[in-house]
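Read the structure below first, then the notes.
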Amino acid sequence: MNYLLQLQKSGLLIVVALLFLSLPQQAQAQFNRQPYLQKLAQESVLVAWRSSTNAAYEVHYGDSPTNLTNMVASPASTKHGVDLTGLEAYTQYYYQIFDEAGNAVTGPEFFYTAKPDTEPNMNMLVFGDCGVANSDQYAVRDAMLNEAQNGAFDFGIVCGDVSQGNGTEYDNLFFDVYKDITKNYCFFTAIGNHDLNGYPSDDGTAQVFLDDFYQFTNNPAGTEEYYSYEYGNVKMICLHTNFENDYKAGSAQYDWLLSELECRTTEWVFVYFHQPPFCNGWDALWYIPFTPFFQYDGEEEVRNDLVPVFEQYNVDFVFNGHMHGYERGELNGVQYVTSGGGGGALDSSVPNDWAHISVQNYTHHYLLVNVVDSTLTVNAIDENGNNVDQFSITKNSSALVAAWEATVSPCDGDAAIDLSTFLHPRATTGGVWSGIGVTANSFDPTGLAAGTYPLTYTVGTAPCTKAETHEITVTTCPVIVQAKVFLEAVYDTINNEMFTELRSEEVLDLAQPFGRSPWFYSGTESVADINDIDVNVVDWVLLEIRTATDSTTVVERTPAFLLKDGTIVDIDGVTNGVNFYTLTPNTPYYIVVRTRNHLATMSSVAEVLPNATPYDFSSALTQAYGTSQQVEVATGVFAQIAGDFDSNGVINYADFNYFVFEGINNSGYSDGDLNMDSVIDADDFDAYFPNASVEGMDEVRF
């Protein structure tokens, strides 16, 4: 199966093979028509199939065959077609169909979403006049299947006569033939004369064709008969040219075509439909009165009505079928390529003599069209895999690309941002930026309220423009508070820093420990892994900010990490200081530092925040609010007082009881571990005992 080939490189071969082989044969037999892809786009694709009975199914899809986390249901019917949405451009996905009982009916199959205009490469399969179910069609199919298994193309177009019969049956002529390709790749089809329902009576409805194939409906009539789409830097336009009244000047399709061509934004423009405007080959036994040499030489009405349009709007390529062979030529800047060798009986050269047709080869074949930026190469390949023709074209670049991506979330006090740095490398420069906060090429978040702001980049000249809009999120700038404090029982007098054994022995809690009594902090700050915590961290602390006018009023508090040098840092591991989001910048506040088992301290003065240098509690006894609220641990170095096991702001017998309750020789992360060496022992009691009657200021007590 070709999905197995696709998965070999990813190491998923065995898993997926087992999944497929485990499917019961009766499950696979539920379908009259195997799954096929349609309406391929950057963010969606349609999966269609037909079941033998009226039954409901589910399509599961995701980014790997073992991670099909999305699901869309198809209600009870024999005809099924569901859209897989919410996809990302040019990304590999997988889908699998299950019955309503949850049984897998197919194996997982892969597909790629369409490429955006920023992708320089596009590879397309082209063929036509295929639906006969003979050995020639199967031989061409085998060659194309080999291309598919080698990832040689992104999608395909079929230039009409998908059925070479009367347009009433497609399973035997198309879906069964190409099922091993169309389950992974999308074929966009054009209506040929044989696809008209009941051909050759030509009632014009093509009702079976339109029921079996799902096409885009982006024309005013909302019909699937003609449509357009973009893939990479190519615009594709499919026309329905079986009746002149449907495409002549003034018709709805003609006017739609003009509107599609009027504003060119892609590098290349391809138009495809069934009947060619020119051909030299035809069935020598098919005589047409009143024509040169009594032979069909192309569609005269197409020459009269559409060729002038192609020339006026600089269409690059016109792909056709109808003539069963391969011809190409350039006329007035337009390349005309006929590829009608998909399986039908071959035509031959007849006396027609269109001088611009430079290559003719009447063999069964298909085309591979490869686009790389402004260079295009076409290979015509026969059913044996041999090249029967190759040519390349290079042109001047004309694409408009407006791609960009916002990669920052500025805060309301940040400097203006140069938006041009967000442009995709392939984006067209010199465009216009618009949106709130935009001046020329800059976005200034200063003074903007926190929220999302849509910004648009537009290139081209009205009315022919291309634009892309993304949102930039503006946040409230944090006020960064810097402080420094030492803890008495943890201070290393030899190295003049604190011990970090809780971190080095990996017993430090990953979540902030202040959600309990007496702090009752409601935040959920945490880190995912011990390795996300800096090796210099001593412990968690709780930083409180209070108003300057009332030192008992708490404005905001947040947990942070205390480093061995006494500095307090945000848990994000980036901020040099601690982020606060409700403070008013350049305003004085009191700073309070709380720990799990040392007496809390408050700054002796209100500090203007943000502060450029840390408020250093350790530099003087008087840096702490009140009297004797710190202890000198080294000459000129002051620290929080050890022993407040219950953190209520008073060191007394209750703390001893708390210490005893914690348990001597208890190890791990514990409030009773005063010196933070991960063990509760006599050393912790010895650090507590000298301070047994110390009281903190009322402002820091609980």
Checklist entry - So, by mean Cβ neighbours within 10 angstrom, what's the order for 237-245, 125-133 with the highest one leading? => result 125-133, 237-245
Checklist entry - Considering only the other residues whose Cβ falls under 15 Å of the Cβ of Asp389, what net charge follows from Lys and Arg at +1 and Asp and Glu at -1? => result -3
Next on the checklist: Of Phe174, Val605, Ala403, which is farthest towards the positive pole of the chain's charge dipole, taken about the Cα centre with +1 and -1 on the beta-carbons of Lys, Arg and Asp, Glu respectively?
Outcome noted: Phe174
Item to check | Relative contact order for the range 480-596, counting Cα pairs under 8 Å that sit 6 or more residues apart, in percent | outcome: 29 percent
Checklist entry - When the Cα centres of the range 128-170 and the range 606-671 are compared, how far apart do they sit, in Å? => result 81 Å
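For the range 591-702, which semi-axes, largest first and in whole Å, follow from the square roots of 5 times the eigenvalues of its Cα gyration tensor? Present the calculation step by step, with values, prior to reporting the outcome.
On the way: eigenvalues 138, 40, 33 Å².
Result for the range 591-702: semi-axes of 26, 14, 13 Å.
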Checklist entry - In debye to the nearest 20, how big a dipole does the range 405-540 give about its Cα centre with +1 on each Lys and Arg Cβ and -1 on each Asp and Glu Cβ? => result 820 debye
Item to check | Value of Rg to Rh for the range 481-529 (Rh from inverse mean 1/r over Cα pairs, i.e. Kirkwood) | outcome: 1.04
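Which value, in debye to the nearest 20, describes the size of the charge dipole of the range 506-651 about its Cα centre when Lys and Arg Cβ atoms bear +1, Asp and Glu Cβ atoms bear -1, and nothing else is charged?
Details: 6 positive and 18 negative charges, 87 e Å.
For this selection, approximately 420 debye.
Dividing the alpha-carbon radius of gyration of the range 338-437 by 2.2 N^0.38 Å (N being the number of residues), what value is obtained?
Working: Rg = 24.3 Å, N = 100, 2.2 N^0.38 = 12.7 Å.
For the range 338-437, the normalised Cα radius of gyration is 1.92.
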Checklist entry - Quick one: what Rg and Dmax do you get for the range 594-647 from the alpha carbons, in Å? => result 11.6, 34
Checklist entry - Within straight cross-link reach of Lys484, meaning Cα distance under 30 Å, which lysines are found once same-chain residues fewer than 8 apart are removed? => result Lys564
Checklist entry - So for the range 506-649, Kirkwood radius off the Cα pairs, Stokes-Einstein at 20 °C and 1.002 mPa s: how many µm² s⁻¹? => result 136 µm²/s
Next on the checklist: Going Cα to Cα from Lys115, which lysines come in below 16 Å? Please leave out same-chain ones fewer than 8 positions away.
Outcome noted: Lys39, Lys235
Checklist outcome for this item: Looking only at lysines whose Cα falls under 17 Å of Lys248's and that sit 8 or more positions away or on another chain, we get none
Item to check | In degrees, nearest ten, helix 252-262 long axis to first principal axis of the chain (Cα) | outcome: 50 degrees
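Using the Cα centre as the reference, give the magnitude of the dipole from point charges on the C-beta atoms of the chain (Lys, Arg: +1; Asp, Glu: -1; all else neutral), rounded to the nearest 20 debye.
On the way: 26 positive and 92 negative charges, 191 e Å.
In debye, rounded to 20, the chain gives about 920.
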Next on the checklist: Restricted to Cα positions, what overall size does the chain have along the principal axes? Three whole-Å values, descending.
Outcome noted: 119, 61, 41
Item to check | Solvent exposure of the range 409-472 as accessible area per residue, Å², 1.4 Å probe | outcome: 53 Å²
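Using only helices, what value at 222 nm comes out for the chain when you add -39,500 (n - 2.57) per DSSP H run of length 4 or more and divide by the total residues, to the nearest 500 deg cm²/dmol? Let's see the in-between values first.
Details: 12 runs with 91 residues, N = 702.
After summing the helix terms and dividing by residue count, I get -3500 deg cm²/dmol.
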Checklist entry - Hey, if you put +1 on the Cβ of every Lys and Arg and -1 on every Asp and Glu Cβ in the chain, which of Gln360, Ile571, Asn134 ends up farthest toward the positive end of that dipole? => result Gln360
Item to check | Top positive-direction residue, dipole computed over the chain with Cβ charges, set His274, Ile480, Leu46 | outcome: His274
Checklist entry - Just how far, in whole angstrom, is the range 294-338 from the range 28-96 if you go by their alpha carbon centroids? => result 37 Å
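The values are calculated or read from the model by the stated rules, or taken from the named source; none is laboratory data. Since we're looking at a predicted model, the values are computed, not measured. Because the Cβ atoms are built from the backbone with ideal geometry, glycine has one as well, and the counts that use them run over all protein chains shown. Accessible surface areas use protein heavy atoms only, side chains included; no ligands, DNA or RNA. Shrake-Rupley method; radii C 1.70, N 1.55, O 1.52, S 1.80 Å.
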